[in-house]
Amino acid sequence: MKALVKLKPMVGLSIQEVKMPAIQEHEALIKIKATAICGTDLHIFNWDHWASKNITLPLIIGHEFMGEVAAVGKKVSHLKIGDRVSGEGHLVCGLCRNCREGKQHLCPKTRGIGLHRAGACAEYLAMPADNIISIPNFITDDIATILDPLGNAVHTTLSFDTIGEDLLITGAGPIGLMAIAVAKHTGAKRIVITDINDYRLNLAKVFGATETLNAEKQPLNTLLEYLSQKFNIGLEMSGNKNAFLLLLEAIRHGGSIALLGIPEQDIILDCNKVIFKGLTLKGIYGRKMYETWDKMLNMLQSGLDVSSVITHHFEAQDFKKAFETIILGKAGKVILHW
């Protein structure tokens, strides 16, 4: 089969012919129809510091996908050939304390498809059947492809009670944009989002942000004075050092910050600000298994609309154009068709 592979520790990827995956008795084989490019895939494409420390080569990338069941192992009973599916890309041990307490999303032995084992940017993907999510008919193929990052947005936004609250989101990437929609859907009063990319800030307006701020176009002191002490909840979606430090200033005493963005460098944190302001910081990794999936599907059924986040479609063989479009900053979510 054809797959999008990271072969060498340098910038770029390549389409390669690779061996079809075999499935075990508890797994299913999925014929991939579409994959979406994640920020993590961009880290791998660029082979930055994070990728070089966390990725073993060669690797088939990708973990955001939808497809159809092509085969099932003999111990799989809840899936049948032809089912439309997506999947939870975090594979957990099932035996540690967190897993046994129903907190699988915090399993210290988590392995990710497209990170630690062959991923979804290929014509076929094998994965444990328990990680596969059947797609209801009311969800389109496009939305099914981005359920993984939507789950990130849902998990992050629902970490704190948003009803009637003022939110500051730093980072208007696809997950930050979808977080706007989730926050509005769950009753947030005011949603302000910052970024340095006007294209994405304009998308944020489409999603209904109360206010958008280009943090690069105004002096930091002015921005700090304007935002300071006005928000009960902060969602850090950028992985940018300055954005995180801005949140520490902007959140009211007793406020809460959820951290999803992955920094490319160490951040020196003034713990006195956290202590004396009584802040709550919460790290977010992935989705709650499987609470987030249920909430996400239910919200989509009740009117949550994130379709505007998808801005580009490419055939898989045109992956270079897809990554170039993202790197230029002129895209929301980009989908590859297999």
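The table below lists the values:
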read-out: Test: D270 is surrounded by fewer than 13 Cβ atoms within 10 Å (Cβ to Cβ), in contact with a Leu (Cβ under 8 Å, 6 or more places away or on another chain) and modelled with pLDDT under 95; value: yes
read-out: Residues satisfying the stated conditions in the stretch 196-242, i.e. part of a helix (DSSP H, G or I) and either of a type in the set (D, E) or within 23 Å of the chain's Cα centre (by Cα) (or both); value: D198, Y199, R200, L201, N202, L203, A204, K205, V206, E225, K241, N242
read-out: Criterion (crowded, with 16+ Cβ neighbours inside 10 Å and without any contact (Cβ under 8 Å) to a residue 24 or more places away in the chain) met by exactly one of T210, T162; value: T210
read-out: Residue that is surrounded by the fewest Cβ atoms within 10 Å (Cβ to Cβ), among those in the stretch 82-107 that are small (G, A, S) and closer than 19 Å to E27 by Cβ; value: G82
read-out: Test set (1) in a helix (DSSP H, G or I); (2) touching a strand residue (DSSP E or B) at 6+ places or on another chain (Cβ under 7 Å); (3) among the polar types (S, T, N, Q) - N152 fails condition number; value: (2)
read-out: Conditions (1) surrounded by 21 or more Cβ atoms within 10 Å (Cβ to Cβ); (2) in contact with a Gly (Cβ under 6 Å, 6 or more places away or on another chain); (3) closer than 26 Å to S52 by Cα; number of the one not met by L260; value: (2)
read-out: Exclusive hit being at pLDDT below 95, closer than 30 Å to G234 by Cβ and not acidic (D, E), set N152, N98, N54; value: N54
read-out: Residue under evaluation Q265, criteria (1) touching a residue at least 24 places away in the same chain (Cβ under 8 Å); (2) out of contact with any helix residue (DSSP H, G or I) (no Cβ under 9 Å at 6 or more places or on another chain); (3) within 24 Å of G39 (Cα to Cα); (4) not in a helix (DSSP H, G or I), criterion not met; value: (2)
read-out: Residues within the stretch 137-183 that are within 15 Å of I257 (Cα to Cα), over 16 Å from the mean Cα position of the chain (by Cα) and of a type in the set (V, I, T), tallied; value: 1
read-out: Unique match (being touching an Asp or Glu at 6+ places or on another chain (Cβ under 8 Å) and either under 23 Å from N54 (Cα atoms) or of a type outside the set (D, E) (or both)) among A129, A153; value: A129
read-out: Qualifying positions in the stretch 293-334 - within 13 Å of I143 (Cβ to Cβ), part of a loop (DSSP other than H, G, I, E, B) and aliphatic (A, V, I, L, M); value: L304, V306
read-out: Criterion (of a type outside the set (S, T, N, Q) and surrounded by fewer than 21 Cβ atoms within 10 Å (Cβ to Cβ)) met by exactly one of G283, G234; value: G283
read-out: Among (1) crowded, with 22+ Cβ neighbours inside 10 Å; (2) small (G, A, S); (3) without any contact (Cβ under 8 Å) to a residue 60 or more places away in the chain; (4) within 12 Å of S86 (Cβ to Cβ), the one test that S134 misses; value: (1)
read-out: Selection count, the stretch 20-58, where residues are aromatic (F, W, Y) and either crowded, with 20+ Cβ neighbours inside 10 Å or out of contact with any helix residue (DSSP H, G or I) (no Cβ under 9 Å at 6 or more places or on another chain) (or both); value: 2
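The values are calculated or read from the model by the stated rules, or taken from the named source; none is laboratory data. Quick caveat: nothing in here was measured; it's all calculated off a predicted structure. No Cβ is skipped: glycine too gets one built from the backbone with ideal geometry, and neighbour counts run over all protein chains shown.
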